[in-house]
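**Student:** First the structure, then my questions, so here it is.
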């Protein structure tokens with residue numbers, strides 16, 4: 001029996017799908033941990049003495065752990081505690097700080113003997129886009145010329161240097177604004193020009209990532225489970241949205257087909273994963289008309305099951321179930337006999353029942369919440385995407 005702890009959140013369809021699949025396939029014990037339930041609906045205690053090993057307990061809806069031993073921790077969607085609105089405003093800041101500090105320490109005390117997908121420290125480091133670019137270059141990738149800055153003069157200079165090639169802007173962290181009751185504006189990769197920049201004062205207050213717009217024949221997403229890669233090619237449609245960033249499109253609007261990574265690119269992916277300390281990752285590339293692969297980023301906990309929705313023969317759910325049994329940098333998938341498909345799980349009564357129960361039992365917290373930044377150290381920035389985007 002493989003025991004798996006999954007930090008997650010309400011609406012995380014990947015964690016839900018794996019949880020449902022584990023109930024259909026023998027040999028798995030999946031325990032989901034909803035971080036937003038703490039402290040309102042969860043209690044946790046750690047006991048330290050000079051005579052005995054550390055003991056701990058954690059209890060809440062659908063969760064009862066007592067110095068539990070895990071084989072695997074799938075660090076899927078760890079989110080910070082959510083405090084009740086009834087707390088006095090004068091106490092809010094201190095309570096938030098104390099809860100976050102306590103909660104952060106749990107990742108270093110729980111699952112110490114387990115294999116992590118991905119290790120907590122590696123998760124933090126891999127989420128830093130500037131570190132990714134530095135390490136990607138060292139791994140042998142071609143990377144875009146990049147300026148990460150809040151200096152208006154440097155930004156304008158960079159845009160001018162790129163001309164006549166256009167310049168794109170990318171945020172460090174996904175953001176959205178509610179424009180009406182039922183609609184949202186989302187910060188995405190976008191083409192920028194000197195005359196469309198905000199004032200220097202505003203520009204200086206918000207650092208961003210700036211790169212030249214790279215001409216592409218198509219884009220590639222390679223999902224690595226250890227040493228096993230599943231790669232899809234996305235051919236652009238002739239509209240600006242797709243030509244700028246395919247990840248802003250709904251999956252059903254994408255043209256996708258399986259491809260193999262060139263050996264040199266595969267080796268660079270493996271080298272970058274090793275340098276970042278991760279065993280799972282989703283790589284994004286632009287492939288130019290000259291067939292050169294240009295590294296964009298690796299999302300250390302990106303979405304992957306949607307690939308099976310587009311191309312059923314990818315069998316992403318089966319692969320990940322086997323990966324959970326043997327999570328290692330050298331994992332290579334051998335076709336299994338589980339026969340569990342993502343579509344069957346998503347259409348099951350069990351999945352819909354769990355979705356409804358989660359919304360009642362657990363506290364919701366959006367990944368777009370800027371307070372999530374409190375979980376990350378000064379030298380890193382999160383790169384988290386909601387499940388409706390590829391991430």
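Each reported figure results from applying straightforward, stated rules to the coordinates on display, with no laboratory input. Just so it is clear, the model here is predicted, and its values are computed rather than measured. Don't worry about glycine lacking a Cβ; one is built from the backbone with ideal geometry, like all the others, and counts go over all protein chains shown.
**Student:** At 0.36 nm per residue, minus the direct Cα-Cα distance, what do residue 55 and residue 69 gain on full extension? Give it in nm, one decimal, please.
**Tutor:** Taking 0.36 nm per residue and subtracting the Cα distance, the gain is 3.9 nm.
**Student:** Just to confirm the number: angle between the C-alpha axis of helix 129-138 and the first principal axis of the chain, 0 to 90 degrees, nearest 10?
**Tutor:** Between helix and principal axis, roughly 70 degrees.
**Student:** Then there's this: With a point put 7 Å past each Cα toward its Cβ, work out how far residue 97 is from residue 335 in nm, to one decimal.
**Tutor:** Computed distance between label sites residue 97 and residue 335 equals 5.9 nm.
**Student:** Here's a follow-up. For q values of 0.11, 0.16 Å⁻¹, compute log₁₀ I(q)/I(0) with the Debye formula on a Cα-only model of the stretch 145-212, without solvent.
**Tutor:** Each listed q corresponds, in turn, to -0.28, -0.55.
**Student:** Any chance you could check the Cα centroid distance between the stretch 15-83 and the stretch 254-290 for me, in angstrom?
**Tutor:** Between the Cα centres of the stretch 15-83 and the stretch 254-290 lies a distance of 32 Å.
**Student:** Taking only Cα atoms and a 10 Å spring cutoff, compute GNM fluctuations for the chain and point out the largest among 276, 296, 64.
**Tutor:** Among 276, 296, 64, the largest GNM mean-square fluctuation belongs to 64.
**Student:** Between residue 215 and residue 355, how high is the FRET efficiency from 1/(1 + (r/R0)^6) when r is the Cβ-Cβ distance and R₀ = 41 Å? Nearest 0.05.
**Tutor:** So the FRET efficiency works out to roughly 0.45.
**Student:** I need the semi-axes of the equivalent ellipsoid of the stretch 268-357: take the C-alpha gyration tensor, multiply each eigenvalue by 5, square-root it, list largest first in whole angstrom.
**Tutor:** Gyration-tensor ellipsoid for the stretch 268-357: 28, 17, 14 Å.
**Student:** Nearest 10 degrees, 0 to 90: what angle lies between the long axis of helix 13-22 and the longest principal axis of the chain (Cα atoms)?
**Tutor:** 50 degrees
**Student:** Something else now. Mind pulling the angle between the C-alpha long axis of helix 349-361 and the longest principal axis of the chain? Nearest 10 degrees, somewhere in 0 to 90.
**Tutor:** Helix 349-361 sits roughly 80 degrees off the main axis of the chain.
**Student:** Same structure, new question: Rounded to the nearest 0.05, what FRET efficiency do residue 25 and residue 153 have when you use their Cβ-Cβ distance and R0 = 51 Å?
**Tutor:** Efficiency computed from Cβ-Cβ geometry: 0.30.
**Student:** Sort all Cα-Cα distances of the chain into consecutive 20 angstrom bins from zero, then give the percent of pairs in each bin up to the one containing the longest distance.
**Tutor:** Calculated P(r), rounded to whole percents: 25, 58, 17, 0.
**Student:** Here is a follow-up. Return the FRET efficiency for the residue pair residue 45, residue 348: r is the Cβ-Cβ distance, R0 is 51 Å, and the value is rounded to the nearest 0.05.
**Tutor:** Computed FRET efficiency for residue 45 and residue 348 comes out at 0.90.
**Student:** Give me the extension gain from residue 326 to residue 137: residue separation times 0.36 nm, minus the current Cα-Cα distance, reported in nm with one decimal.
**Tutor:** The residue 326-residue 137 span can extend by a further 65.1 nm.
**Student:** Test of understanding: what is the full-extension gain from residue 160 to residue 309, defined as 0.36 nm times their sequence separation minus their Cα-Cα distance? Intermediate values should be presented prior to the final figure.
**Tutor:** Details: separation 149, 0.36 × 149 = 53.64 nm, distance 4.19 nm.
Length gained between residue 160 and residue 309: 49.4 nm.
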